[in-house]
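Colleague: I have a structure I would like to understand better, so I am pasting it below and will then ask my questions one at a time.
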Amino acid sequence: MDSAGNPVKTFAVTTPLYYVNALPHIGSAYTTIAADALARFHRLLGQPVLMITGTDEHGQKIQRTAAARGLEPQAHCDEIVAGFYTLWERLNIAYDRFSRTTAPRHAAIVQEFYQRVWQSGDIYEGRQQGWYCVACEEFKEERELLADKRCPIHTNKSVEWRDEHNYFFKLSNYQEKLSALYAEQPEFIQPVTRRNEVLNFVDSGLQDFSISRINLDWGFPVPTAPEQTLYVWFDALLGYVTALLDDADDPTLENALRQWWPINIHLIGKDILRFHAVYWPAMLMSAGLPLPDRVFGHGFLTKDGQKMGKSLGNTLDPLALVNQYGADAVRFYFLKEIEFGRDGDFSETRFVNVLNADLANDLGNLLNRTLKMASRYCGGKIPKISMDAFTDHHPLAERGANLAGQVQQAYENLAFSEACEAVLSLVRASNKYLDETAPWTLFKQGQQAKTEMVLYAVLESVRLSGYLLAPIVPGLATAIYTQLGFAVDFDQRDIGQQLPFEQHSVWGTLPGDQSLGKASPIFQRIEIPAEVP
Ligand code: MSP
């Protein structure tokens, strides 16, 4: 309960639980950066937040990869998982839970959930025939396949024919209920293009799907038929539920669902939309559990305009990228440059240009030169100005006053690039204002009050920009605040209590007389590597 006696609005967000067939790729980094930015925004709002990520470790794909490496599956998984921990640390991902589907407590959650679905009468034995893509861990319709029976997503891999006795989930029972859900909660699937894809898929008729496999050991035995192994996706989706358990909790559904369920948003890539927007809600309905609020399917990344892939030799290693350019640079590029929800491209030239223009020049230089002037002209302190000085349609005060609402809307819609653009427009206006008012001349002319007003307006605009960009570039935000004389670290989980949104998102709250910190460039300009002839 909050101080007014209302229930506190919690916020839980998930990334997919990533396969551990290989070290994390840029696609996994992309979803995780977005989820982290969203979680950080809700922390700024002062909400209790749970950000969940993790790994999906069972199934044929992992079993085969481990075998090819001559390792036991668990040893293989442990090794790859370490690579995820490292990348998330380097990318400054402040997750609260890391859910591994091989965690012992996950078995208990899966078992209990399966029993509920079984008792609903939604599981039956049948014969499964069809083309299976091991890389997707999914059956494909023949008409979806490319030439030589290759998978449309893993275009260098052929699907395999399967004909086996399996257990099925009666997805067809949920056709109407799902359609009603999409109609009653139009926000359930976002963006709208993804929603339409799902509606078409569901309208074309839902087929039951098999939830068990034979000839596979790496997974959980089916509780009602232990000679079969549970389909990896059935177990993986439940990893979101297991993640909600506190360390001290016994692994029961009741405990897991107590505080954070239903999840507010599942962030995923568009390739796994069906699992999250169709299969998962149907499974939850069958188990009699409430549904998540939203599923957001983002687009795919290409490199230099081409689909990325190992066979094409044009993958982008997120660890190498972050080691070279730092976390804020990588986070900013992907969230600012690509409209979230659409496909987007990475090119190193574009990457360097964007960072230099927005972060090194527009934001970084602005702060640096203004701080230097403030230390020379205002004795190293933030000038103390009465807000009355800014009444007359002041270009920065006016822009600043409307910014927080716009940016909040953008974050809530997952329109990260819109949030960045809105903030950058204040930054650009500040540069223009500084050039036009020329405080260096005002100072020489002895116009101290005017000089101070100009410097205050710019410093305050940079502060507000840093605050509103903090979910995306937390390191830069901390540097900005530190140089403005605050003692604060945007990585702290209680940042929304330390710097409340209602106060810090308002233009004009920078405290006058506060001693400034030491000025130093917050973002080093990147030199474009010379082209090798
Ligand atoms: N294990 C499943 C998810 C289970 S969730 C209960 C899975 N794992 S994955 O490792 O393959 O997922 C990777 C994530 O990265 C997905 O969200 C996918 O959409 C995303 N991407 C994979 N390649 C991508 C790009 N080229 N671009 C952007 N994202 C892409 O699926």
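The values are calculated or read from the model by the stated rules, or taken from the named source; none is laboratory data. Bear in mind the structure is a predicted one, so any value in this text is a computation, not a measurement. We place every Cβ from the backbone using ideal geometry, glycine too, and count neighbours over all the protein chains shown. Side chains included, ligands, DNA and RNA excluded: accessible areas come from the protein's heavy atoms. Shrake-Rupley method; radii C 1.70, N 1.55, O 1.52, S 1.80 Å.
Colleague: Return the percentage of antiparallel bridges among DSSP beta bridges fully within the chain, rounded to the nearest 5 %.
Modeller: 50
Colleague: Taking +1 at the Cβ of each Lys and Arg and -1 at the Cβ of each Asp and Glu, which of Ser465, Phe390, Phe501 sits farthest along the dipole of segment 347-504 towards its positive end, judged by Cα position relative to the Cα centre?
Modeller: It is Phe390.
Colleague: At 222 nm, what helix-only mean residue ellipticity would the chain give, in deg cm²/dmol to the nearest 500, using -39500 (n - 2.57) for each DSSP H run of four or more?
Modeller: -13000 deg cm²/dmol
Colleague: Checking the cross-link filter: which aspartates and glutamates have an alpha carbon closer than 19 Å to that of Lys381, excluding same-chain neighbours under 8 positions apart?
Modeller: List returned: Glu452, Glu460, Asp513.
Colleague: What lysines sit close enough to Lys336 to cross-link, taking a C-alpha to C-alpha distance under 23 Å and skipping anything fewer than 8 places away on the same chain?
Modeller: Filter leaves Lys270, Lys303, Lys307, Lys432.
Colleague: Nearest 10 degrees, 0 to 90: what angle lies between the long axis of helix 474-483 and the longest principal axis of the chain (Cα atoms)?
Modeller: So the inclination is approximately 20 degrees.
Colleague: Okay, moving on. Would you mind getting the Kirkwood hydrodynamic radius of segment 248-389 from its Cα pairs, rounded to one decimal in Å?
Modeller: Result for segment 248-389 stands at 20.0 Å.
Colleague: Rounded to the nearest 10 degrees, what's the angle between the helix 395-412 long axis and the longest principal axis of the chain, both from Cα atoms, 0 to 90?
Modeller: On a 0 to 90 degree scale, this one is about 10.
Colleague: Moving to a separate point now. For Glu125, project a label point 7 Å along Cα to C-beta. Then give me every residue of segment 163-207 with its amide nitrogen under 20 Å of that point.
Modeller: Inside the label zone: 163-171.
Colleague: Could you give the angle, 0 to 90 degrees to the nearest 10, between helix 416-437's Cα long axis and the longest principal axis of the Cα atoms of the chain?
Modeller: Rounded to the nearest ten degrees, it is 10.
Colleague: What is the diffusion coefficient of segment 347-504 in µm²/s, taking the Kirkwood radius over Cα pairs and the Stokes-Einstein relation at 4 °C with a viscosity of 1.567 mPa s?
Modeller: D, rounded to a whole number, is 79 µm²/s.
Colleague: While we're looking at this one, here's another question. Normalise the Cα radius of gyration of segment 179-324 by 2.2 N^0.38 Å (N = residues in it) and let me know the number.
Modeller: 1.25
Colleague: Another one. Would you mind computing, in nm to one decimal, how far apart the modelled labels at Asn196 and Ser172 are, each placed 7 Å from Cα along Cα→Cβ?
Modeller: Label-label distance for Asn196 and Ser172, simple model: 3.0 nm.
Colleague: How long are the three semi-axes of the equivalent ellipsoid of the chain, in whole Å, if each is the root of 5 times an eigenvalue of the C-alpha gyration tensor, listed from largest down?
Modeller: Whole-Å semi-axes of the equivalent ellipsoid: 49, 25, 20.
Colleague: How big is the gap, in Å, between the Cα center of segment 273-289 and the Cα center of segment 115-172?
Modeller: 17
Colleague: While we're looking at this one, here's another question. Using the alpha-carbon centroid of each, what span in Å lies between segment 482-499 and segment 354-370?
Modeller: With segment 482-499 and segment 354-370 each reduced to a Cα centre, they are spaced 21 Å.
Colleague: Right, here's the next one. Express the relative contact order of the chain as a whole percentage, based on alpha carbon pairs under 8 Å and six or more residues apart in sequence.
Modeller: 16
Colleague: Counting only protein heavy atoms and using a 1.4 Å probe, what share of the accessible area of the chain belongs to carbon plus sulfur, as a whole percent?
Modeller: Percent of accessible area from carbon and sulfur atoms in the chain: 49.
Colleague: Quick check for you: with a 1.4 Å probe and neighbouring chains kept, what is the accessible area per residue of the chain, in Å²?
Modeller: Spelled out: the 1.4 Å probe surface of the chain, per residue, equals 42 Å².
Colleague: For segment 101-170, what are the per-bin percents of Cα-Cα distances with bins 5 Å wide, up to the bin holding the maximum?
Modeller: Calculated over all Cα pairs of segment 101-170, the distribution is 3, 15, 17, 14, 15, 17, 12, 5, 1 percent.
Colleague: Reachable aspartates and glutamates from Lys170, Cα under 12 Å, same-chain residues fewer than 8 places away excluded?
Modeller: Filter leaves Asp122, Glu125, Asp208.
Colleague: Related question: Enter the per residue convex hull volume of segment 327-368, computed from alpha-carbon coordinates, in Å³ rounded to the nearest integer.
Modeller: 65
Colleague: Using Cα pairs under 8 angstrom and six or more residues apart, how large is the relative contact order of segment 347-504, in percent?
Modeller: The value is 25 percent.
Colleague: A further question on this structure: Ranked from highest to lowest mean number of other Cβ atoms within 10 Å per residue, what is the order of the peptides 254-261, 157-164?
Modeller: 254-261, 157-164
Colleague: Could you run the Karplus curve 6.51 cos²θ - 1.76 cosθ + 1.60 with θ = phi - 60° over segment 47-64 and give me ³J(HN,Hα) per residue in whole Hz, x for Gly and Pro?
Modeller: 7, x, 10, 10, 9, 10, 9, x, 9, 10, 10, 9, x, 5, 4, 5, 4, 5
Colleague: Shifting gears a bit: May I ask you to order 416-428, 434-446 by the average number of other C-beta atoms within 10 Å around their residues, highest value first?
Modeller: 416-428, 434-446
Colleague: Same structure again: When the convex hull of the Cα atoms of segment 399-490 is projected onto a plane and the area is averaged over all directions, what value comes out in nm²?
Modeller: So the mean shadow area of the Cα hull is 6.2 nm².
Colleague: As an exercise, use a Förster radius of 51 Å and the Cβ-Cβ distance of Lys432 and Asn215 to find the FRET efficiency, rounded to the nearest 0.05.
Modeller: 0.15
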